[in-house]
1. Six or more apart or on different chains, Cβ atoms under 9 Å: show the pairs whose first residue is in segment 301-312 and basic (Lys, Arg) and whose second is away from the ligand (no atom under 15 Å from the Cβ).
2. Could you identify the single residue in 127, 134 that is within 11 Å of the ligand (Cβ to nearest atom), at pLDDT below 95 and either outside the structural domain of residue 236 (by TED's automatic domain parsing) or in contact with a Gly (Cβ under 7 Å, 6 or more places away or on another chain) (or both)?
3. How many residues are under 26 Å from residue 386 (Cα atoms) and touching a Phe, Trp or Tyr at 6+ places or on another chain (Cβ under 6 Å) if we restrict to segment 313-342?
4. Just to confirm my filter: which strands (runs of 3 or more DSSP E) fall fully inside segment 273-360 and include at least 2 residues that are within 18 Å of the chain's Cα centre (by Cα), closer than 19 Å to residue 400 by Cβ and modelled with pLDDT of 95 or more?
5. Restricting the search to segment 248-272, which residues are closer than 25 Å to residue 332 by Cβ, at pLDDT 95 or above and not charged (D, E, K, R)?
6. All but one of (1) within 11 Å of residue 220 (Cβ to Cβ); (2) at pLDDT 95 or above hold for residue 21; state the number of the condition that does not hold.
7. Give the number of residues within segment 109-124 that are more than 8 Å from the ligand (Cβ to nearest atom) and touching a residue at least 12 places away in the same chain (Cβ under 8 Å).
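The values are calculated or read from the model by the stated rules, or taken from the named source; none is laboratory data. The structure presented is a predicted model; accordingly, all values stated were derived computationally and were not measured. Here the Cβ is made from the backbone with ideal geometry for all residues, glycine too, and neighbour counts use every protein chain on show.
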Amino acid sequence: MANVTVIGAQWGDEGKGKVIDWLANRADVVVRFQGGNNAGHTIVVGNSVYKFSLLPSGVVQGKLSIIGNGVVVDPWSLLDEIERVRAQGLNITPSGLVLADNACLVLPLHRDLDAAREAHAGANKIGTTGRGIGPAYEDKVGRRAIRFCDLSDEQALQGKIERLLAHHGPLRRGLGLKEVTAEDLLTLLHDIAPKVGPFVQPAWRVLDQAVKDGRRVLFEGAQAAMLDVDHGTYPFVTSSNTVAGQAGAGSGSGPGAGGYVLGIVKAYTTRVGEGPFPTELTDEIGERLGVRGAEFGTVTGRKRRCGWFDAALVRQSVVVSGIEGIVLTKLDVLDGFETLKICTGYRLGDRVLDYLPAGVRDQAALEPIYEEIDGWSESTKGARSWRDLPAAAVKYVRRIEELISAQAVVVSTSPDRDDIIMMRDPFQG
Ligand code: IMP
């Protein structure tokens with residue numbers, strides 16, 4: 001049995017939550033390896049709707065859930081989330097939830113900095129989720145972050161805080177933010193330490209033991225390949241590596257540990273926040289996709305930008321993330337269109353490109369090259385076999401597979417956990 005790594009192949013919000021929940025059913029352990037509470041996964045089980053930002057989706061099924069070292073964790077947000085899902089009846093205990101002792105904290109000062117920078121950037125803002133993710137990762141690579149292991153070492157903590165504030169003090173003054181003192185921060189951390197302490201462990205060891213015991217692991221990616229800090233539409237990206245290659249580094253396991261790489265691909269394209277989006281539709285078709293697809297952010301409630309399927313973009317994600325098969329989601333949102341368009345490449349001045357160039361000005365100037373394909377009038381909502389799909393919908397899926405060089409192993413046809421068409425179980429590799 002292979003392990004599975006699930007990642008988004010566009011700009012996020014591809015419907016990973018449902019797929020991860022469905023796969024978590026087959027897995028023994030679920031691991032988050034990057035991102036933080038900027039992520040938002042919605043899981044619908046019967047009449048219950050769970051919204052997760054930090055907790056691995058495995059908690060719904062009571063699977064061992066690990067928040068790996070590659071995640072930046074806002075402990076207040078984590079505790080709120082735990083309380084919220086406990087109130088919905090989920091049992092979250094330290095034996096079922098492990099928080100890596102070497103994961104870095106997101107602090108209120110990171111959120112302040114995120115907001116202040118976005119406000120000062122004006123038209124050049126990134127459109128972040130405002131959760132302090134970028135500043136927290138900056139402190140991590142700047143070697144001044146506070147990690148969970150520091151919370152139980154008073155002496156180390158005081159030195160760490162001094163080092164952190166030596167950096168943030170001048171920054172905050174420059175941005176006109178109120179001063180944060182070492183005492184303020186220490187008080188906050190003293191309050192939180194005993195609450196998160198029971199969950200903190202060397203997560204890599206827990207994971208290693210699980211693998212040695214033959215347990216199946218699901219690596220749960222957040223955001224998506226085109227938001228990757230290296231491979232995405234930089235600088236309009238998040239601050240972590242979101243590609244599948246991060247699964248090992250962000251959890252303390254080897255490069256092969258992630259197993260089968262499953263890309264989640266929406267049948268059209270959306271993005272939240274700023275940045276290039278070659279197939280964006282600002283007309284009534286974009287509006288229709290947004291309304292039919294309920295395209296509002298789980299975390300911030302922001303309206304998502306919508307557009308046609310971009311095969312050139314997904315083809316690139318397939319390569320940079322080593323995607324072996326895809327789950328195509330939200331096909332039913334396309335029901336009722338007479339004609340659909342798929343972007344196969346771009347025109348950039350007098351050049352034709354079959355990939356997304358790295359430069360920010362080039363990305364902004366791309367004009368999509370479309371091919372048209374017949375739509376279908378029937379409903380695909382809730383379809384559970386290929387036979388339930390109209391021929392034109394099957395043709396649409398086949399054309400996507402061809403253009404992106406990856407097979408659709410699953411097609412998802414509604415938010416409900418069981419409404420899927422499965423070609424192959426990803427855990428079978
Ligand atoms: P940050 O991760 O909050 O710094 O935001 C950086 C960019 O990533 C912004 O464009 C966000 O909208 C986007 N982003 C971050 N997390 C998600 C997500 O889970 N889904 C979709 N977009 C996201």
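1. Taking only residues 6 or more apart or on different chains, the pairs are 305/281; 305/282; 305/286.
2. Result: 127 is the single residue among 127, 134 that is within 11 Å of the ligand (Cβ to nearest atom), at pLDDT below 95 and either outside the structural domain of residue 236 (by TED's automatic domain parsing) or in contact with a Gly (Cβ under 7 Å, 6 or more places away or on another chain) (or both).
3. Selection size over segment 313-342: 3.
4. In segment 273-360, 325-329 are the strands (runs of 3 or more DSSP E) which contain 2 or more residues that are within 18 Å of the chain's Cα centre (by Cα), closer than 19 Å to residue 400 by Cβ and modelled with pLDDT of 95 or more.
5. First pass over segment 248-272, keeping only residues closer than 25 Å to residue 332 by Cβ: 262-272.
After this cut, where a residue has to be at pLDDT 95 or above as well, the list is 262-271.
Listed by number, the residues that qualify are 262, 263, 264, 265, 267, 268, 269, 270.
6. (2)
7. Qualifying residue count, segment 109-124: 10.
Here is a yes/no grid of residues against (1) part of a loop (DSSP other than H, G, I, E, B); (2) in contact with a helix residue (DSSP H, G or I) (Cβ under 8 Å, 6 or more places away or on another chain):
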| position | (1), (2) |
| --- | --- |
| 206 | no, no |
| 220 | no, yes |
| 223 | no, no |
| 226 | no, yes |
| 231 | yes, yes |
| 235 | yes, yes |
| 240 | yes, yes |
| 248 | no, no |
